[in-house]
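The values are calculated or read from the model by the stated rules, or taken from the named source; none is laboratory data. Keep in mind that this is a model prediction, so the values were computed, not measured. Every residue, glycine as well, gets a Cβ built from its backbone with ideal geometry; the counts of neighbours run over all protein chains shown. In case anyone asks, the SASA skips ligands and DNA or RNA and just uses the protein heavy atoms, side chains included. Shrake-Rupley method; radii C 1.70, N 1.55, O 1.52, S 1.80 Å.
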Amino acid sequence: MTPPKDSSSRSSSKSSSGNPVVSSFLVRRSPVYYGWVVLAMSTLGMAATLPGQTAGVSLFIDSFIEDVGLSRSLVSWLYTAATVLGSLALPLMGRLVDRWGPRRMATLAVGLFALSCAGMGQAGGWIGVFVGFVCLRCFGQGTLGLINNHAVNLWFERRRGLAVGILGLGMAGATALFPPLIEEGIQAYGWQRTYLIMGGILAGAVLPLGALLYRDAPECYGLSPDRENAASETEASETEASETEASEIGAPETSGLKDPELEASGPEGSGPETGAASEDEGKAQAETRGETQGRSRDTQGESQDASAVGGIEPGVAYRTRTFWLFTGAGVYAAGLGTGLLFHHFSILEEAGVGRDLAAEFFIPLGALTAALNVGTGWLVDRYPPRLLLAAELVLYGALTGLLPWADTTAEVWAYGSVFGVAQGMHQALLGSVYAYYFGRLHHGTIRGLANTVFIGGTAIGPALLAVGPDFLGGFAAILWILTPVPFLLGAAAFAGWAAGWDAATLQRAR
């Protein structure tokens with residue numbers, strides 16, 4: 001199967017795999033590597049998901065209560081159920097992204113998201129509100145967020161961590177800037193018209209920009225991740241290729257830290273990082289990889305050039321301990337983070353903190369979440385993600401263990417700082433590790449299932465923490481019960497790095 005058609009005609013040149021490449025005026029004439037353009041568009045796209053994020057939806061909750069006549073508890077349960085139901089579509093959306101590519105899927109998702117906003121403005125009862133919640137969460141927070149992450153992972157390998165970290169700034173910036181504007185719109189025009197205005201902005205600005213600037217895998221255009229010309233890799237010497245591969249997996253020679261499973265190329269454990277694989281073994285691996293990817297391309301119809309884009313089958317990925325380690329850690333972090341924010345003022349009130357001081361918590365939280373998004377992305381390009389995951393989980397353990405004693409200004413600011421560091425690390429790590437370990441060919445499908453599980457965690461978190469005051473006499477008890485969990489997950493992450501979990505399987509993704 002040839003790569004998908006672009007807006008311009010095909011070029012007669014060949015990619016490094018020998019397949020025709022797509023001729024794109026924007027890609028060809030871009031003054032910088034086009035991946036940076038994709039990153040800029042994806043960052044804008046991530047900011048555009050705000051109407052489907054909790055930070056955006058929360059601005060309309062009082063309107064649903066007052067104008068639609070719903071109780072606060074009913075709105076909360078409708079939102080929780082809609083979040084879970086909307087997330088169930090993400091595995092399908094991930095497969096479609098792998099098959100159709102980010103450009104077409106982004107156009108479809110933004111269009112449906114705009115219609116969802118417009119439809120939400122017409123909601124007149126609990127059924128309309130529930131359907132609106134499902135669509136906003138599915139097409140905005142879920143599908144469009146997945147597409148933005150997938151597009152960036154397609155275009156970057158050596159600097160993937162940094163790129164995904166920058167991508168996180170889109171959501172952070174939108175959360176800081178847009179809620180006050182939306183609130184002004186609600187006060188000036190009413191909540192129905194404000195939803196219509198947001199839908200109009202999505203349809204009139206984000207959709208055409210996305211259709212113009214999103215692109216599929218760089219191999220379709222004769223490029224390779226982080227590079228202007230894919231042919232430059234095939235012309236490089238074997239030594240240079242080995243050094244390049246070592247840098248791409250995030251373990252430079254100066255760091256002394258490598259992921260053992262990425263050093264191994266098979267049961268014997270010799271691979272591209274150590275330089276121990278023979279020429280015959282390398283050819284056999286390349287042939288096996290090409291055959292596997294070729295079958296996937298024929299049966300699933302992906303839009304990327306499968307002989308150039310590496311990756312293992314989703315079914316294989318789902319059977320690895322690595323997939324469930326990061327997915328389990330993601331569920332814990334998502335559930336705990338959502339629960340702590342949902343009950344924030346009540347938790348600190350129990351510790352003796354007033355609302356004014358409790359509100360100051362958000363200052364270090366926002367600043368350090370944004371800073372660690374980029375900082376951890378830079379680290380992912382240099383150090384094994386499982387070691388970084390272990391460090392993140394230790395922070396979450398310290399957070400839950402010490403939070404019940406936070407009752408001074410310094411301690412509340414320390415709480416916000418540690419939370420911000422942990423959240424920033426979490427977002428950057430989970431945004432890049434699935435492509436890091438399992439390759440890019442089926443990244444959308446694999447990431448789609450992981451996102452569904454993450455969103456389930458966000459729905460469970462607030463209810464789980466509520467067990468404390470309802471049955472255990474306060475939040476402190478449930479927080480202390482949860483404290484050992486991140487330490488155990490962190491120990492598993494460290495053990496996985498040291499033991500080289502899934503070595504033979506993960507090497508096939510390279």
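What the table shows:
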| read-out | value |
| --- | --- |
| In order through region 485-490: 3J(HN,Hα) via Karplus (6.51 cos²θ - 1.76 cosθ + 1.60), integer Hz, x for Gly, Pro | 4, x, 5, 5, 5, x |
| L402 versus T54: modelled label distance in nm, points set 7 Å from Cα along the beta carbon direction | 2.3 |
| Percent carbon-and-sulfur accessible area, region 24-97, ignoring ligands, DNA and RNA, probe 1.4 Å | 66 |
| Global geometry of region 157-225, whether rounded, prolate or oblate, following the gyration tensor of its Cα atoms and the 1.5 cut on a/c | oblate |
| For region 426-498: rounded, prolate or oblate by the Cα gyration tensor [a/c cutoff 1.5] | oblate |
| For region 436-510: accessible area per residue (Å², 1.4 Å) | 36 |
| Positive dipole terminus of region 322-447, leading residue within T369, S432, W405 (C-beta point charges) | S432 |
| Packing rank of 464-475, 34-45, 339-350, where each peptide gets the mean count of other beta carbons within 10 Å, highest leading | 34-45, 339-350, 464-475 |
| Portion, in percent, of the accessible area of region 123-165 that falls on carbon or sulfur, probe 1.4 Å | 67 |
| Solvent-accessible area per residue for region 143-210 (1.4 angstrom probe, square angstrom) | 38 |
| Integer Hz, Karplus 6.51/-1.76/1.60 couplings in order for region 398-411, x for Gly and Pro | 5, 4, 5, x, 9, 4, x, 9, 7, 9, 10, 4, 4, 6 |
| Whether region 102-143 is rounded, prolate or oblate, judged on the alpha carbon gyration tensor where a/c under 1.5 counts as rounded | prolate |
| For G222, residues with placed amide H under 5 Å, excluding near neighbours | V22 |
| Distant-in-sequence amide H partners of E157 (H built 1.01 Å from N, under 5 Å) | D226 |
| Label-point gap, in nm, between A211 and R355 - each point 7 angstrom along Cα→Cβ | 4.7 |
| Dipole magnitude of region 20-170, debye to nearest 20 (Cβ charges: Lys/Arg +1, Asp/Glu -1, about Cα centre) | 800 |
| Computed lengthening from I481 to A498, 0.36 nm per intervening residue step minus Cα-Cα distance | 3.3 nm |
| Phi to ³J(HN,Hα) by Karplus 6.51 cos²θ - 1.76 cosθ + 1.60 over region 94-107, Hz, x for Gly, Pro | x, 5, 5, 5, 4, 7, 9, x, x, 5, 5, 5, 5, 4 |
| Accessible area, probe 1.4 Å, largest first, for residues F326, F454 | F454, F326 |
| With every protein chain in place, region 459-510: carbon and sulfur % of accessible area (1.4 Å) | 76 |
